[in-house]
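The values are calculated or read from the model by the stated rules, or taken from the named source; none is laboratory data. Model, not experiment: these values are computed from the prediction. As a convention, Cβ positions derive from the backbone with ideal geometry for all residues, glycine included, and neighbour counts pool all protein chains shown. Accessible surface is based on the protein model in full, side chains and every heavy atom, while ligands, DNA and RNA are left aside. Shrake-Rupley method; radii C 1.70, N 1.55, O 1.52, S 1.80 Å.
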Amino acid sequence: MMTPQRQRILLSHRSTPALKPHVRLQYDKVRQAWALLSPEKVFWPDDVSLDILRLCDGTHSVTQILEELSMQYDAPIEEITADVETFLQDWSDRSLVAL
Amino acid sequence: MSETVLPPIGMLAELTHRCPLQCAYCSNPLELLKANREMATEGWLSLFDQAADLGVLQIHLSGGEPTLRPDLETLVRRLSDRGVYTNLITAGVGIREGRIDDLVQAGLDHVQISFQGALATTTEKIGNYRDAHFKKIETAGKVRAAGLPLTINAPIHRHNIDEIPAFIELALKLDAERLEIANVQYAGWALLNRNSLMPDRASVERQVNVVQEAQERLHGILAIDFVTPDYFAIYPKPCMGGWARDAFMVAPDGTVLPCHAAGTIPGLVFERFGEKSLADIWHASPAFNAFRGTDWMAEPCRTCDRKEIDWGGCRCQAMAIAGNAAATDPACIKSPFHARMAGLIEEATISGQDAFHYRRIGSGVTNHAHNAAETVES
Ligand code: SF4
Ligand code: SF4
């Protein structure tokens, strides 16, 4: 059998990020916090991460996510772009977000 | 006791000790429970309800071989109804046609399949099961076809440590998301077979290089988790993330334990679910409180700045090698028994032992000292 060459997926502004199937954001009543459940690991995203993750719904493009966050945070797009891009690339590399 | 007890996040449910494989590295206890000692469906369901109420978010369904329980779908469905993330840890053989799909229907989230070798001959030899490799590959295919994320677990020892590049190839070929290169933890059957399993220093050093190179090369393509070998370490691992800190395990008969090998520590009494509620056991069991937090520590841990990083390491390893469960884990360079632990590597090398005591119900040598496991091998 030939091994198909799997490639690292790189972020582009046309990507429409979504949580991977079987990764889910869930409110935990016991700890009163949002938990991100994934294979073998539980994450506790902070408020900023949560705002980004909530926009990862498969319909918003990266450009739209940036516009939305820039409104929510009342910050110019140029100021937040690098951080948001790094976040999304990192979460894609960890198999939590599909780009 | 002064430590605040936080709710547990994870639970390892060993649904059964029965298993078609007979891996010599198995971390199950030598005294394996027969089917008639297993908790019934109702017991597990009520345990899972209480676990969810208590704050458990993720349950690893393991064994033995968990798919030998005909009620697995029912158990998975309950967990999924309660929003608990389910991870099936399977050997991947003997699973009937359609079962993976049924489990997915019931709400299963993720599957981890163990491969005893990257080559068919190794897998068959270690697990003592004909065609095991081929069957595992088939199961992996079904998991991916059903759209579930897949982890390949590779338990590493002398007999497969040189197959790591092939394990990486295999994981890519099976379209796994993660590969766990997990050096065997010498507990249970693995401790009994230590001399026949322990790799030598040169192989371990080679392994570290191969894994690090692959982790860089495959960044964003395949996640490689590396469980390093304790006997070659400088610092211990935080066993189970710290004794009774955020996870626990349950044996097939419902006995609730802080870790796999906790039963090897003399003087600790472990309670069974049903006789007590899970909340009671988690909060008030003297065995859970015995090594919780840092109050129990003596020197060198007591004044060490890593004490909340590794929690003093593994209690069962301290028991097995230092002869005292409250001692610093001998994997730690600051332990007075560190040299003794390293000596066990040489002992294994010069022992010339290579044959296995295969894991079978009723063939465990009782009263043999055993120690702890940090991760789950199935
Ligand atoms: S002395 Fe104890 S706390 Fe410090 S590194 Fe060693 S095991 Fe960990
Ligand atoms: S390691 Fe897993 S597959 Fe092997 S005998 Fe033990 S339970 Fe079975």
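The separation of region B:71-136 from region A:59-96, counted between C-alpha centres, amounts to 37 Å. Under a 5 Å amide H cut-off, with hydrogens placed 1.01 Å from N, residue A:15 pairs with A:62 among residues at least 5 apart or on other chains. Taking a spot 7 Å from the Cα of residue A:13 along the direction of its beta carbon, which residues of region A:44-69 have an amide N less than 20 Å from it? Of the residues in region A:44-69, A:52, A:55-69 have backbone N under 20 Å from the label point off residue A:13.
At the listed q of 0.10, 0.13 Å⁻¹, the Debye profile of the protein assembly as shown, built from one uniform point per Cα, gives log10 I(q)/I(0) equal to -0.77, -1.32. Peptides B:4-12, A:26-34, ordered by how many other C-beta atoms sit within 10 Å of their residues on average, highest first, read B:4-12, A:26-34. Lysine pair count for the protein assembly as shown with Cα-Cα distance under 22 Å and sequence separation of 8 or more or different chains is 13. Each Lys or Arg adds one and each Asp or Glu takes one away; over the other residues whose Cβ falls under 12 Å from the Cβ of residue B:30, this sums to +1.
So what is the diffusion coefficient of chain B in µm² per second by Stokes-Einstein at 4 °C and 1.567 mPa s, using a Kirkwood Rh over Cα pairs?
Value of D from the Cα-based Kirkwood radius: 62 µm²/s.
From the Kirkwood radius over Cα pairs of chain A, Stokes-Einstein at 20 °C and 1.002 mPa s returns a whole-number translational diffusion coefficient of 149 µm²/s. Taking the centroid of alpha carbons for each part, region B:1-40 and region B:249-292 are 11 Å apart.
Accessible area buried by the pairing of A and B, both sides summed with a 1.4 Å probe, works out to roughly 2400 Å².
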